[in-house]
Amino acid sequence: MPDAGPIAVLPHRPLTVGELLDSAVLLLREQARVLVPIAFVLAAAEQFLVLQPLRLAAGTVPPIWWLTDGSFGAYWVLLTTGATAEAMIIALLGNPAARAGAAALLGRTARPGEVLHRAGGRWGATVLFALVVGGLMGVAAFCGPVWFVGFALLGAVAPALVVDRVSLPRVLPRATALATRSGMRAGMIRLLGYIGWWILRVGLASGVILGLSQLGLLDSRWALPVALLAWAAVNSIAYPALACLDAVLHLETRIRTEGLDILLARTPAGTPEPVVLAADR
């Protein structure tokens, strides 16, 4: 298990599954003041502006939004849109998470302004690929079980952009190649992380809402906005946690399959960080 502390978020060695999950949490804790507020804004927009109109059309009710007596077609559109939105948010958060993970691998803690700075951040490309990832995940979700394949394959998109700094045509091939190495190890761990956080999200959000209702502390007029805020709050932790998992998975996969740790040990002092971690050097 990584030692507590900012420079031990990602040791220079292959990690076990448990260590990877721990490292993702350590990275989130280190960068929470940057990632969580951004995630909350995006998650709130997702809940209030994107999903709620579709929930009304589908006839779902809080706190879990299961289909009751509404249209199954409208409910399927709701699920597809939700998969699209969360994939886009995780991809956007993947940019600062990947930059913070790269800094942690090099033995330092990235400053808040550093992980959000435009210089070297490739933000335009990140937004473009967030749209691409969202579209692909929407199509995959519409096809049902194909979602699992899509989610497993696309976790390294943001790290490939901002850490590996590959050209735009190579981003998706690079991401899928890393996800499928070692028997699709990275892809399966990403799915494991998502399922774990999905269980936590459902449990926490529904538990808060049902608990307040049972205690008589939630007026019926406020039930809907409180439910939306509860889901946004839970997702504001889950989404950056998954982005941090993508970051540490990406770097650990490069250590495991490309010898990145050996490359770092042989790098001359003073080499610029983007050059140190670039995939093609």
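Readers should treat all values here as calculations from the given coordinates under stated rules, not as data from a laboratory. Computed from a predicted model, the values in this text were never measured in an experiment. Here Cβ is always computed from backbone atoms with ideal geometry, including for glycine, and neighbour counts include all displayed protein chains.
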Quiz item: Of the residues in segment 243-270, how many are more than 17 Å from Ala177 (Cβ to Cβ), out of contact with any Leu (no Cβ under 8 Å at 6 or more places or on another chain) and buried (at least 24 other Cβ atoms within 10 Å of the Cβ)?
Solution: 0
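To keep it simple, each residue is scored yes or no on (1) of a type in the set (Asp, Glu); (2) without any contact (Cβ under 8 Å) to a residue 60 or more places away in the chain.
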residue: Asp69; (1), (2): yes, yes
residue: Ala74; (1), (2): no, yes
residue: Ala85; (1), (2): no, yes
residue: Ala97; (1), (2): no, no
residue: Ala103; (1), (2): no, no
residue: Arg111; (1), (2): no, yes
residue: Leu116; (1), (2): no, no
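In the set Leu49, Leu105, Leu28, Leu35, which member is under 20 Å from Ala158 (Cα atoms) and more than 14 Å from the chain's Cα centre (by Cα)? Spell out the reasoning first.
Details: Leu49 fails: under 20 Å from Ala158 (Cα atoms); Leu28 fails: more than 14 Å from the chain's Cα centre (by Cα); Leu35 fails: more than 14 Å from the chain's Cα centre (by Cα).
Testing whether each residue is under 20 Å from Ala158 (Cα atoms) and more than 14 Å from the chain's Cα centre (by Cα) leaves just Leu105.
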Quiz prompt | segment 50-69: number of residues that are within 21 Å of Ser220 (Cβ to Cβ), part of a loop (DSSP other than H, G, I, E, B) and of a type outside the set (Gly, Ala, Ser) | solution = 9
